[in-house]
Amino acid sequence: MFELDYLVIGHVTRDLVDGAFVVGGTVSYAARTARALGCRAGIITSASPDLDLGGVLDGVAIARFPAAATTTFENIYTSDGRRQMLHSVAETLMPAMVPPHWRATIAHLGPVAQECDPALANVFGDAFVGLTPQGWMRRWDQAGHVNPCRWERAGELLARADAVVLSEEDVAGDKALVAQYAAQTRLLVVTQAVAGCTVYVAGQARHFPASAVREVDPTGVGDIFAAAFFVWLQRGGDPWTAARFANCVAARSVTQAGLSGTPGPQEVSRCERALGG
């Protein structure tokens, strides 16, 4: 049996940035963050054979399934927010792709382009299941323009999850939808960029402000936040402290470009000390 502390499922991506491609995707940001937190991390993904993950996911167990193309995004940041283009999508990830000898303490479903079969939420027994549903909440037209959409099968996934992290952008600022989701799941976190995050649990809602930092690149910050939050919550059970810790870890990430913004052990230790840990 192969025991993992943190398993994240979703597509690694090729992100077009300033005319060059870099590796991205929730699995990349979350797995690297989990490693910095001392977890034995693994991913299940699909990508074309030519995508080189060398140096990007060192120390991470990888179950990789071939695809004709790697999921490829172009992120365009403007004063009005982020615009996305989706140029290609790899293979759908199914329960049968989970290696039978793998076990996980935390299973994180992190779709970016509708690629995770919702049935994956039910294959990990009593594991902690965390969701970052952004990839179920976006659609794209034939030209690749990405827009928000209704989250299909949200009710059953929200009921199964131990914690869900999504952004204001994912719900297009719809407060009624946030309230609906919060009522359907054990714990919901809505990240709010420079404003921090709001945690909804057991009928309570508490806001946690983010530290003021100089932003260089916000790509992946929600995935870094989610991984830090899920790990801290699973280890300690206190959502309020988990939110403060995840805010601290995520704040530093936007001061660096791309995957270089994922935390190292020093950043983790600094945030733990800030909490008195």
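The values are calculated or read from the model by the stated rules, or taken from the named source; none is laboratory data. Quantities reported herein were computed from a predicted structural model and do not represent experimental measurements. Cβ: placed from backbone, ideal geometry, glycine included. Neighbour counts: every protein chain shown.
For region 142-200, which residues satisfy the criterion of being in a strand (DSSP E or B) and surrounded by fewer than 17 Cβ atoms within 10 Å (Cβ to Cβ)? Please lay out each step first, then the result.
Going through region 142-200, the residues in a strand (DSSP E or B) turn out to be 145-148, 163-167, 187-191, 197-200.
Listed by number, the residues that qualify are H145, N147, P148.
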Open item on the list: Could you go through region 99-111 and let me know if any residue there is crowded, with 16+ Cβ neighbours inside 10 Å, under 19 Å from W136 (Cβ atoms), more than 19 Å from the chain's Cα centre (by Cα) and at pLDDT 95 or above.
Closed with: no
Open item on the list: If I filter region 69-90 down to residues being modelled with pLDDT under 80 and of a type in the set (S, T, N, Q), which single residue comes out as surrounded by the most Cβ atoms within 10 Å (Cβ to Cβ)?
Closed with: N75
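Scan region 12-29 for residues that are aliphatic (A, V, I, L, M) and part of a strand (DSSP E or B) and jot them down. Reasoning before the result, please.
Keep residues of region 12-29 that are aliphatic (A, V, I, L, M), which gives 12, 16-17, 20, 22-23, 27.
Matches in region 12-29: L16, V17, A20, V22, V23.
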Open item on the list: Regarding region 112-126, can at least one residue be identified that is closer than 30 Å to H101 by Cβ, of a type in the set (F, W, Y) and not in a helix (DSSP H, G or I)?
Closed with: yes
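Criterion first (of a type in the set (D, E, K, R), buried (at least 16 other Cβ atoms within 10 Å of the Cβ) and part of a helix (DSSP H, G or I)) does R270 satisfy it? Steps first, please.
On the way: of a type in the set (D, E, K, R): yes; buried (at least 16 other Cβ atoms within 10 Å of the Cβ): no; part of a helix (DSSP H, G or I): yes.
It is false that R270 is of a type in the set (D, E, K, R), buried (at least 16 other Cβ atoms within 10 Å of the Cβ) and part of a helix (DSSP H, G or I).
Restricting to region 186-204, what's the tally of residues that are touching a strand residue (DSSP E or B) at 6+ places or on another chain (Cβ under 6 Å) and closer than 22 Å to A159 by Cα?
Start the filter on region 186-204 by keeping residues that are touching a strand residue (DSSP E or B) at 6+ places or on another chain (Cβ under 6 Å), which leaves 187-191, 196-201.
Keeping just the survivors that are closer than 22 Å to A159 by Cα gives 187-191, 197-201.
Looking only at that region, the number is 10.
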Open item on the list: Suppose we keep only residues that are of a type in the set (A, V, I, L, M, F, W, C) and surrounded by fewer than 20 Cβ atoms within 10 Å (Cβ to Cβ) within region 233-258. Which one would you say is farthest from V23 (Cα to Cα)?
Closed with: W240
TODO: Scan (1) buried (at least 17 other Cβ atoms within 10 Å of the Cβ); (2) touching a helix residue (DSSP H, G or I) at 6+ places or on another chain (Cβ under 8 Å); (3) of a type in the set (F, W, Y) for the single condition F65 breaks and write down its number.
DONE: (1)
Open item on the list: Can you find a residue that is under 19 Å from the mean Cα position of the chain (by Cα) and on the phi > 0 side of the Ramachandran plot anywhere in region 191-204?
Closed with: yes
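One line per residue, one yes/no per condition, for (1) among the β-branched types (V, I, T); (2) closer than 16 Å to V194 by Cβ; (3) out of contact with any strand residue (DSSP E or B) (no Cβ under 9 Å at 6 or more places or on another chain):
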site	(1), (2), (3)
F208	no, yes, no
A227	no, no, no
F230	no, no, no
Q234	no, no, no
G237	no, no, yes
A243	no, yes, no
A250	no, yes, no
- [ ] Count, please, the residues in region 204-231 that happen to be touching a residue at least 24 places away in the same chain (Cβ under 8 Å) and either crowded, with 24+ Cβ neighbours inside 10 Å or polar (S, T, N, Q) (or both).
- [x] 13
TODO: Look through region 15-49, keep the residues that are basic (K, R) and crowded, with 22+ Cβ neighbours inside 10 Å, and return whichever of them is nearest to D117 (Cα to Cα).
DONE: R32
Open item on the list: List pairs: first residue in region 1-14 and more than 18 Å from V112 (Cβ to Cβ), second residue basic (K, R) anywhere in the structure, Cβ distance under 6 angstrom, at least six positions apart or on different chains.
Closed with: M1/R103; E3/R103; L4/R40; D5/R40
Open item on the list: Being part of a loop (DSSP other than H, G, I, E, B), under 18 Å from the mean Cα position of the chain (by Cα) and surrounded by fewer than 21 Cβ atoms within 10 Å (Cβ to Cβ) is the requirement here; does V56 meet it?
Closed with: yes
TODO: Please tell me if E152 is modelled with pLDDT under 95, over 22 Å from I43 (Cβ atoms), of a type outside the set (A, V, I, L, M) and in contact with a helix residue (DSSP H, G or I) (Cβ under 9 Å, 6 or more places away or on another chain).
DONE: yes
